[in-house]
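Chemist: Please see the structure below; I have some questions.
Values in this text are rule-based calculations from the coordinates and carry no lab data. Computed from a prediction, not measured in an experiment: that's the story for all the values here. Neighbour counts run over all protein chains shown; Cβ positions are idealised from the backbone, glycine included.
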Amino acid sequence: MHYVYLIRSQAHPDQTYIGLTSDLKARLHKHNEGGSPHTAKYRPWKLVTYLAFSSRQQASGFEAYLKSGSGRAFAIKRFW
């Protein structure tokens, strides 16, 4: 399975991140350990929601959509 996930900083609630992984638990752990330069300064992170896809192509397409203008509006309305 491939997961598109949305996380929010607990220390800075205005900071959010959308990502893609095949190992959700390990990826969240990496964000909270500072292993991702983009998210390290806003630790700790809390998982808000995730969606599972059977193909990486579908997951990648949905992640790209959520990072687009209309996708961000959708995410704000439905997920955050």
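Chemist: List the pairs whose first member sits in the stretch 16-34 and is farther than 13 Å from Leu47 by Cβ, whose second member is among the charged types (D, E, K, R), and whose Cβ atoms are under 9 Å apart, counting only residues at least 6 apart or on separate chains?
Modeler: Listed by first residue and then by second, the contacts come to Leu20/Arg27; Leu20/Arg56; Leu20/Glu63; Ser22/Arg56; Glu33/Arg43; Gly34/Lys41; Gly34/Arg43.
Chemist: Look through the stretch 55-79, keep the residues that are outside any helix (DSSP H, G or I) and of a type outside the set (Ser, Thr, Tyr), and return whichever of them is surrounded by the fewest Cβ atoms within 10 Å (Cβ to Cβ). Before the answer, list the steps.
Modeler: At the first step, the residues of the stretch 55-79 found to be outside any helix (DSSP H, G or I) are 55, 67-68, 79.
Filter once more, keeping what is of a type outside the set (Ser, Thr, Tyr): 67, 79.
Values: Lys67: 12, Phe79: 15.
So, considering only residues that are outside any helix (DSSP H, G or I) and of a type outside the set (Ser, Thr, Tyr), the one surrounded by the fewest Cβ atoms within 10 Å (Cβ to Cβ) is Lys67.
Chemist: Output the residue which, of all residues in the stretch 15-53 that are surrounded by fewer than 14 Cβ atoms within 10 Å (Cβ to Cβ) and among the hydroxyl-bearing types (Ser, Thr, Tyr), is farthest from Lys67 (Cα to Cα).
Modeler: Per the stated criteria, the residue is Ser22.
Chemist: In the stretch 40-54, which residues are within 14 Å of the chain's Cα centre (by Cα), closer than 16 Å to Tyr3 by Cβ and assigned to a loop (DSSP other than H, G, I, E, B)?
Modeler: Matches in the stretch 40-54: none.
Chemist: Which of the residues belonging to the stretch 1-35 are part of a strand (DSSP E or B) and of a type in the set (Gly, Ala, Ser)?
Modeler: Ser9, Gly19 - these are the residues of the stretch 1-35 that are part of a strand (DSSP E or B) and of a type in the set (Gly, Ala, Ser).
Chemist: Read through the list (1) in contact with a Ser or Thr (Cβ under 9 Å, 6 or more places away or on another chain); (2) under 14 Å from Val4 (Cα atoms); (3) hydrophobic (A, V, I, L, M, F, W, C), then give the number of the only condition that Leu66 fails.
Modeler: Result: Leu66 fails condition (1) only.
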